[in-house]
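The values are calculated or read from the model by the stated rules, or taken from the named source; none is laboratory data. Values in this document were obtained by computation on a predicted structure and should not be read as measured data. Because the Cβ atoms are built from the backbone with ideal geometry, glycine has one as well, and the counts that use them run over all protein chains shown.
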Amino acid sequence: MAHGKETPRQKMIGMMYLVLTALLALNVSKEAVEAFMLVDAGLTKTTANFSVKNSLTYQEFDRAAAENEAKAGPWRDAAYEVREWSNEISEYIESLKVEMVIKSKDTDALVGNKVISEHIKKFDDTNIPSEIMIGAHDDKAAFELKAMLIEYREFLIKKVRNPAVIESIESNLNTEDPTYKGEKQKWEHHNFQALPLVAVITMLSKFQNDVKNAEAETLNYLYSQIDAGAFKFNRLLPTIIPKTNHVLRGNDYQAEVFIAATDTTQKPEVLIVNYDSTVTSNGSIQYRMVGEVISIPIDERGRGIYTKKTSSLGPKKWGGLIQLVSPLDGSKISFPFKSSYTVAQPNVVISPTAMNILYTGLDNPLDISVPGVPAERIRATSSNGTLKKGTVIYGNRTFRGTWVATPTSSRSNAIITVREQMTDGRVQIHGGIEFRVKDPPPPVAKVAGLKEGTISKSNLLAQIGVVAEVEDFDFDVKYIVTSFDVEVNIRGYFSGEHSSNYRIVQKQKDMIQQLRRGNTVMFTNIRAVGPAGNQHKLPAVVLKIN
């Protein structure tokens with residue numbers, strides 16, 4: 001028999017099995033057979049009782065899940081998985097018993113798909129059980145049965161966290177190779193090799209009983225977990241949470257009114273922190289804190305008091321974890337929370353972030369807020385160009401605003417109008433501000449970073465083209481040179497070549513190649529286009545070869 005920590009019932013069955021096997025070896029067949037049949041009948045009845053009790057437990061799972069799916073549903077689903085495994089192994093074992101009886105031609109011992117051991121006639125046949133269970137090459141059903149029991153045992157252990165239940169499951173489904181008469185034996189040989197049919201049938205019934213017993217213990221544990229982690233609250237507090245304490249005339253005041261439950265026997269720990277979450281194999285969620293952790297004070301009513309000094313305007317998000325000690329095992333259970341608020345000026349604010357006017361063709365950052373109104377309910381429009389939410393980046397500088405205005409014409413000002421989208425579908429206007437609109441300053445043309453001056457011929461030939469830059473301006477305005485001419489005077493002869501983009505073309509480079517020290521080269525008729533699509537004619541670049 002399997003060794004390890006055994007229950008009194010298992011010890012009794014093991015002792016009876018050894019005694020009966022010894023009696024069979026002494027050819028005391030009638031008494032031994034009757035005893036085996038008695039044991040098998042008892043095991044079969046016990047297994048049937050387990051099945052009935054387990055069935056009632058499954059009904060309790062269904063009832064609990066019907067009352068509270070979120071709370072009991074996961075435990076019911078876990079129980080269903082256990083039932084599927086248990087039925088599969090039990091039915092497989094029963095099929096082995098049926099196969100042996102059919103092969104021994106003891107069909108009278110079959111009632112439907114069940115074997116009645118007391119009707120077996122070839123009870124002392126040792127060939128058929130060994131052939132079906134062991135085989136000539138140790139590859140028959142006993143080896144598959146052991147693998148199934150091991151897999152079933154590991155599956156159940158992963159479902160429970162109680163050491164006592166785990167120990168019981170390991171004992172019930174022990175498949176270690178036992179020591180017999182001082183020598184190690186394979187579990188498969190020990191239980192099925194060269195044993196009479198009635199003994200093997202009884203052993204298989206025992207394993208069915210062990211499977212159902214392990215199922216019952218696991219179900220009891222799973223059912224106990226439905227309420228095991230429930231917190232006991234002993235104080236109920238009426239709570240009012242207004243949508244906002246700042247209400248404008250014409251708007252509705254709204255508040256949530258409900259009962260909050262607290263436990264005066266333990267204070268929660270409220271942590272302001274960022275966190276990551278992962279789903280474990282049993283479906284629970286674990287939280288890992290990231291970065292700085294701030295524990296806020298708890299008042300006498302068990303409520304955390306969060307205080308944050310505000311500075312910059314706009315929406316602010318915050319959150320963290322509320323931790324309570326689990327009544328189940330004393331571990332800390334985390335409850336995540338998130339919230340937000342908006343920092344605003346005392347009245348409607350529409351302020352340019354980096355300038356006091358708006359420029360055509362550019363993304364002009366604006367801060368737009370209304371006190372007491374969440375940012376997601378603010379709507380804003382511009383009478384000139386477009387207005388949208390976003391952030392502006394120019395070069396290495398980042399302008400953070402809640403809105404971005406892009407005027408299209410400098411012939412009229414831009415009126416920014418702010419509205420609020422009410423929760424009932426109405427729209428309320430909060431006012432507007434008028435901004436002047438100008439075109440960005442025109443650029444200057446440069447070659448090798450020079451507007452004028454001297455340059456070596458080799459350096460000039462190495463240049464790719466002509467660029468247009470805006471000097472002394474906060475934003476990196478992009479102007480693109482679309483065409484220019486190169487004009488030179490070589491030995492009294494004037495010549496010129498045209499480029500239809502910003503690049504110095506080969507014909508122009510051939511002209512420059514003929515220049516000597518003291519000669520002058522001019523980049524003229526330079527034209528560039530700006531971000532608003534406006535064409536600009538730029539001053540010429542005059543360079544002298546040194």
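Here is a check on your reading of the model: is Phe207 part of a loop (DSSP other than H, G, I, E, B) and under 15 Å from Asp40 (Cα atoms)? No; evaluated as a whole, the condition is false for this residue.
Taking region 384-415 as the range and being assigned to a loop (DSSP other than H, G, I, E, B), farther than 19 Å from Pro440 by Cα and touching a strand residue (DSSP E or B) at 6+ places or on another chain (Cβ under 6 Å) as the test, the residues that pass are Lys389, Gly390, Gly401, Thr402. As a summary of the residue check, Asp472 satisfies the conditions (1) more than 17 Å from Lys537 (Cβ to Cβ); (2) assigned to a loop (DSSP other than H, G, I, E, B); (3) in contact with a strand residue (DSSP E or B) (Cβ under 8 Å, 6 or more places away or on another chain) except for the one numbered (3). Can you find a residue in region 361-368 that is over 30 Å from Ser339 (Cα atoms), part of a loop (DSSP other than H, G, I, E, B) and hydrophobic (A, V, I, L, M, F, W, C)? Yes, the conditions are met somewhere in region 361-368.
Filter region 139-180 for residues that are in a loop (DSSP other than H, G, I, E, B) and at pLDDT 90 or above; which is nearest to Trp85 (Cα to Cα)? It would help to see each step written out before you state the result.
So in region 139-180, the residues in a loop (DSSP other than H, G, I, E, B) come out as 139-140, 160-162, 173-178.
Right, trim to at pLDDT 90 or above and you get 139-140, 160, 173-177.
Details: Asp139: 23, Lys140: 21, Val160: 15, Leu173: 14, Asn174: 17, Thr175: 17, Glu176: 21, Asp177: 23 Å.
Taking the candidates together, the pick is Leu173.
Screening Val293, Val257 for residues that are out of contact with any His (no Cβ under 7 Å at 6 or more places or on another chain) and farther than 15 Å from Gln323 by Cα leaves exactly one candidate, Val257. At pLDDT 70 or above and either small (Gly, Ala, Ser) or not assigned by TED's automatic domain parsing to the domain that holds Pro371 (or both), is that true of Thr244? Answer is no for this residue.
For region 485-546, the strands (runs of 3 or more DSSP E) that sit wholly inside it and include 2 or more residues that are in contact (Cβ under 8 Å) with a residue 40 or more places away in the chain and within 30 Å of Thr408 (Cβ to Cβ) are 520-529, 535-538.
Every condition in (1) surrounded by 14 or more Cβ atoms within 10 Å (Cβ to Cβ); (2) within 32 Å of the chain's Cα centre (by Cα); (3) more than 13 Å from Leu222 (Cα to Cα) holds for Ile93 except the one numbered (2). Taking region 268-337 as the region of interest, the strands (runs of 3 or more DSSP E) fully inside it that hold 1 or more residues being free of Cβ contacts under 8 Å to residues at least 12 places away in the same chain are 269-279, 285-295.
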